[in-house]
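The structure appears below as structure tokens.
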């Protein structure tokens, strides 16, 4: 008899034999016992986790000739001994058709199937159609099957197995019961491999089996296929194969995990030469740069999960030795460091797929890890700068030192750097050049203007100045800061007939939105509170054009508390103390200035 591979030899024949899909098998067993089976099923999930196997077991249970509750079949599980069960198991049943949807995906094939479905089964209770890789059926073919799937004959059951359920039209999915399969857990794969090794009389320690289970990546079929290959290449001891860890690593082309722990230790120590030497030894030993990059990504992911959930977290589907190794690496770095490392190596892994010199790109990615270890977040630099209250913000004796325990030094951002966009960007730590290593000098904070007490205007009469201050203060207290700032910088005057005229540098439409009904009421109440019997009118200012730079300007009669316009809006912005402080901190330059206070002319810009 020809040799049967392990994946076929140990394929489950009962629901209870399926590993890792209890939520599916329990539901199907209950439906069989209650007689509530559907006419359409979709089984979706990862490759090699039992979708087609469960579909075949369900087909055997539906067509099993032994009655449920008998001595031969006490439960809804198929008996496995009747003619129908044996034919379905062997793949030669006339009433259970397995269709490869990758090749029979057109509308003509589906039309033939639809016509044949009208006829009763040749012998069994149900005529069952199983579509493997069902997502490859064309939309036209699905549409041809739609009516039959919605109202099928009582003797027809459709089953669809797919790894991409999203490619199946929603109209098809809504007419079927959809079961989403889970990836098989690491421990479940380990138990199954250990049981199979015992039945096959193969000597294998837990470390070797763990390596096979990890290589399966949640797929039982993949793990069994790799185990088959490992048995074929294993040495014989007393006539039986013996699986060894190093032999399996050599077969799979993977490097031992202790190498990656040592590699990350060199990264932590900022030893670039040691990192390159280690990776070169692995490449010279025959390891592929792409495979090494994949292993580094997986190791960094495990280290990050160990950092987040601890060594015993369920997020780590690896052996106990690998867990301890990942936990030791996680202790060397912060969560932010491991996240940045993983991002760099993921990008490096993507680059290796289409680069010619894979070795050079892998080395460059590892050098980046060493450089990233010298970085600290920009927030830490900004926290050491003076805040608005004048405190230094320098970390005290009890403050936590930077990640890695090294002394941090800041570097200003490059010219034109947008500080808001780089809030999470790191800055160079201790290995930066001396010319850039000195931290920025604190800038003296400007005196903060109290919003409730506007600066007095010597050019206004005392009575009008008191009215202006009272109105601005009332708006500030009512959280109408925009309206308060607008009236504070507006042109106040007394009309010949006795009213107060306020000329604001804003278009009529925007002025109406700023001085809305609520703000107008606050202005009137504040005016009455001052005891003034005069009426007040807030109107748009008459704009004029500055002959020097063509910028929109306020009326010539503007009071002196408005900033002078001699140098244009560019000069006004550069004189602002906050702008000067930002320039010194980030070593930036102001290129464009947009005046939003007056919009009657086109957007005004200044260049430097």
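Read-outs: derived from the displayed coordinates by stated rules, not from any lab. All of these numbers come straight from a predicted model, not from anything done at the bench. When we count neighbours, we look across all protein chains shown, and the Cβ atoms used for this are built from the backbone with ideal geometry, even at glycine.
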Theoretical FRET efficiency, 1/(1+(r/R0)^6), r = Cβ-Cβ of residue 308 and residue 355, R0 45 Å, to 0.05: 0.90
Per the Debye formula with a single identical scatterer at each Cα and no solvent contribution, what log10 I(q)/I(0) holds for segment 462-541 at q = 0.12, 0.15 Å⁻¹? -0.28, -0.45
With 10 angstrom as the radius, rank 268, 480, 23 by how many other C-beta atoms surround their C-beta, starting from the fewest. 23, 268, 480
Separation of alpha-carbon centers, segment 24-75 and segment 310-349, rounded to whole Å: 40
